[in-house]
1. Find the eigenvalues of the gyration tensor of the Cα atoms of the protein assembly as shown, then list the square roots of 5 times those eigenvalues as equivalent ellipsoid semi-axes, largest first, in whole angstrom.
2. Kirkwood-based Rg over Rh for chain A (C-alpha set), two decimals?
3. Looking at the range B:154-236, which chymotrypsin sites (Phe, Trp or Tyr not before Pro) are DSSP coil and have at most 15 other C-beta atoms within 10 Å of their C-beta?
4. Determine the alpha carbon to alpha carbon distance for each of B:K76/B:K224; B:K83/B:K600; B:K476/B:K600 and list only those over 30 Å.
5. Pulled fully out, how much extra length does the chain show between B:K605 and B:D503, if you take 0.36 nm times their separation in residues and subtract their Cα-Cα distance?
6. Suppose only helical runs count, i.e. DSSP H with n ≥ 4. What mean residue ellipticity at 222 nm does that imply for chain B under -39500 (n - 2.57) per run, divided by all residues and rounded to the nearest 500 deg cm²/dmol?
7. Along each of its three principal axes, how wide is the spread of alpha-carbon positions in the range B:112-250, in whole angstrom units, largest first?
8. If r is the Cβ-Cβ distance from B:D559 to B:Q290 and R0 is 51 Å, what FRET efficiency results, to the nearest 0.05?
Amino acid sequence: MKQQLIVSGTGGQGILFLTRFFAEAAMMMRLEVLTSEIHGMAMRGGTVVSHVKVGPFKSPLVREGQADVGLILSKQNVPLHRSLVKPDGLIFVNSDVAGDYFSIDASKLAIDAGAPAMTNLVLLGFAMKQHGLFCEADVAREVLTRLSPRAHLEFNLKGFDIGYTST
Amino acid sequence: MNRQEQRMLMGNEALGRGLFENGCSLVASYPGTPASEVLASVVAFSREAESPLHIEWSINEKVAFEVALAHSYTGKRAAVAMKQVGLNVAADPFMRSAYLGVKGGFVLISADDPGPHSSQTEQDSRLFAHFAKVPVFDPSSPREAKEMVKKAFELSERYEIPVMIRPTTRVCHARQNVTCKQPKLLERRAHFEKDPSRWAATPQFIYDLHKLLNEKMDKIAAEKALSPVPFVSLPSRNKRCVIASGVAFAHTYELFEELRLFDRVDLFQVLLPHPLNRPFIDMIHANYKQALVIEETYPVIELQLGNGKIHGRKSGFVPRQGELMPDLIHESLERFLGRTSRPQRTAGVSPGKRPSLCAGCPHRPAFFAIKKTFPKGIFPSDIGCYTLGMNLGAVDTCHCMGACISQGAGFYHSYAQDGGPIPPIVVTIGDSTFFHAGIPGLINCVVQESRFIIVILDNSTTAMTGHQPSPHLGIKADGSPTAAVSIPGIVAASGVRFLRECDPYDVPAFSALLQEADAHCRSEEGGMAVIISKRSCPVDKRAVRPERLYAMSVSDACDGCRLCMKQFECPALEWVEVPGKKRGRAAIDKALCIECGVCKHVCPKGAIVVAEEKAI
């Protein structure tokens with residue numbers, strides 16, 4: 001099993017939580033994992049992209065055109081980071097407008113459900129539904145249960161399910 | 001005792017875990033990116049410890065090095081961690097420690113920053129190890145970094161020599177699943193064996209110690225277990241090879257897989273770039289027509305390999321500066337193999353936001369007042385968040401830790417000796433930097449009769465590297481209480497006669513104090529003037545919160561002159577378009593504003609006003 005992923009977005013959107021989620025999921029599945037976070041220079045609201053490599057990799061960086069999957073939490077990051085994903089790779093974007101990728105208005109779904117902070121998990125659930133990720137929903141729920149602070153657990157699982165069941 | 005578990009660790013945490021697992025009983029450090037998390041992780045792991053472990057944020061890297069060195073003299077294992085430019089500060093004890101050697105294992109972690117992402121140089125600590133005649137390990141991943149701590153302690157004890165581990169940013173800040181074991185209990189008792197001919201070696205002993213050092217290095221260079229790791233399909237009939245180390249090896253290895261090069265070109269991973277294994281050097285020259293060296297950042301391996309058939313950074317085949325990103329290595333490999341490389345797609349460039357002091361940062365009003373009070377002043381400054389005062393026009397120089405005070409003196413003497421007008425000179429320095437290297441400069445100023453203003457920007461933390469405590473807080477690395485050292489006490493003891501404290505949130509008072517300080521500098525009986533600008537970093541969890549909050553708003557008096565945006569640049573001031581008007585206007589971004597109320601002093605039209613004052 002080898003998979004390269006990128007998670008892109010703006011500081012504060014939960015990029016690092018998703019990165020940790022993938023790392024923990026890989027460890028639970030007894031797979032090797034390497035991650036690398038690249039923060040923009042701006043302190044708040046700056047661009048953040050993290051690289052996740054699952055399987056026997058050595059380099060922590062995803063090269064241009066090598067990622068199998070891209071999760072993009074802010075649509076303005078699409079032109080910045082989509083080139084990291086293979087031409088035939090899967091790109092999931094949190095966006096209110098459709099594009100030549102899988103899109104879902106995760107922000108709106110999260111706000112409607114009363115917790116804008118779970119936007120990242122709506123996108124995760126949505127991506128997982130397409131079966132393009134190295135892990136499946138049962139692992140995801142277990143990892144979320146383990147990683148989420150008690151106060152957020154219910155919302156996080158709810159967010160994941162909203163994304164997972166949306167079409 | 002051999003219980004093992006997988007944990008997801010950052011490279012710096014893996015190094016910290018390595019120190020913890022291998023019986024290290026003293027770790028000292030000074031914060032600096034990309035090395036800062038090493039010590040913090042040792043603090044976290046030490047909670048699982050059974051044996052005592054002394055962990056300290058030292059006042060600077062030289063002090064950290066010397067504390068750890070003496071610990072090793074007692075036969076125990078010690079480590080010191082710093083960033084590459086920190087090693088410049090510790091250069092003095094470092095160079096001599098190679099000659100005198102150590103007793104218990106001594107590991108120096110010096111983290112390099114190719115790129116550079118957050119440093120004033122791209123210097124290669126491995127070359128410093130070469131200069132000092134000290135062995136150095138070059139890890140390519142967090143996991144390898146942890147394994148190298150064990151190897152480094154063993155090597156250090158076998159030869160009684162300090163050993164360096166040189167990770168780079170991409171290793172320090174990458175995360176990987178790493179196997180963690182129970183810590184090794186060494187149960188060593190401190191025992192310092194007196195040997196003045198060694199521990200106090202005068203020049204007459206140094207010749208022999210130098211000879212001994214050279215012999216140690218020759219033996220290390222001959223150690224089979226430390227020779228580069230071959231990825232060669234034997235028997236190799238290749239006449240070309242690639243030699244790589246550090247994270248550049250990791251990138252290169254993956255390119256070999258992707259381009260299916262393993263059957264066609266031999267690859268070697270160098271674990272110990274200095275001293276480079278002697279039999280390896282001979283083997284390369286005997287077996288290969290050409291070799292390409294991929295290493296960051298200086299040509300350390302290449303220099304030791306010598307001769308013209310080696311391609312690398314010295315030969316100019318690989319760019320001589322900057323980080324070796326995978327795409328760049330790809331290009332070099334293709335060229336080495338005589339192939340034209342595919343045109344690279346370039347990633348989108350982030351439109352970016354220029355880095356700025358946080359909303360409510362107390363440095364901002366201090367800089368604003370300095371610039372406003374002395375529009376024609378000279379403003380030397382230093383290393384920390386406050387370097388960003390550059391955006392506000394209140395930082396003219398920034399060189400290396402503590403240099404600002406001495407630079408202020410240099411400017412002063414230059415103008416003073418001409419007999420003409422002396423511009424106001426206002427130096428800014430943070431509290432941690434003041435302790436690190438500012439104090440000797442201050443004493444020098446007093447003795448040399450310099451006359452200028454020093455503003456100590458005391459935000460009660462080392463903010464930029466992650467809020468490590470500095471010595472006036474009375475907090476140790478693990479959060480426990482200790483004695484607090486008074487900054488005003490030190491300033492007064494240095495012989496400064498003009499010493500005041502002020503809250504920078506009170507801009508008019510701060511401005512008046514600057515005028516008073518300037519008058520003192522220029523008066524007949526005058527001298528140095530020090531103002532302590534005191535207000536906690538609002539991002540710090542331990543910060544002292546303001547007593548009052550001010551909900552701000554922008555009134556219709558705003559005529560869109562943009563002065564607040566340009567000269568104050570608070571992230572909570574946003575620019576909004578006004579329908580039907582050519583010029584937009586300022587507004588307050590409630591999500592970012594921390595209600596410090598300082599911006600009421602900024603607008604010349606008085607358009608930024610307090611909407612509501614709240615006592616806490």
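No value in this document is a laboratory result; all are computed from the given coordinates. The structure presented is a predicted model; accordingly, all values stated were derived computationally and were not measured. Heads up, the Cβs are rebuilt from the backbone with ideal geometry, glycines too, and the neighbour counts pull from every protein chain shown.
1. The answer is 43, 39, 25 Å, longest axis first.
2. Numbers: Rg = 14.5 Å, Rh = 15.6 Å.
Taking Rg over the Kirkwood Rh, I get 0.93.
3. Details: sites: B:Y159, B:F192, B:W199, B:F205, B:Y207, B:F231; in loops: B:F192.
Answer by residue number: B:F192.
4. Pairs exceeding 30 Å: B:K83/B:K600; B:K476/B:K600.
5. Answer, rounded to one decimal: 34.3 nm.
6. Roughly -10000 deg cm²/dmol at 222 nm, from the helical runs in chain B.
7. 50, 40, 38
8. Between B:D559 and B:Q290 the formula returns 0.15.
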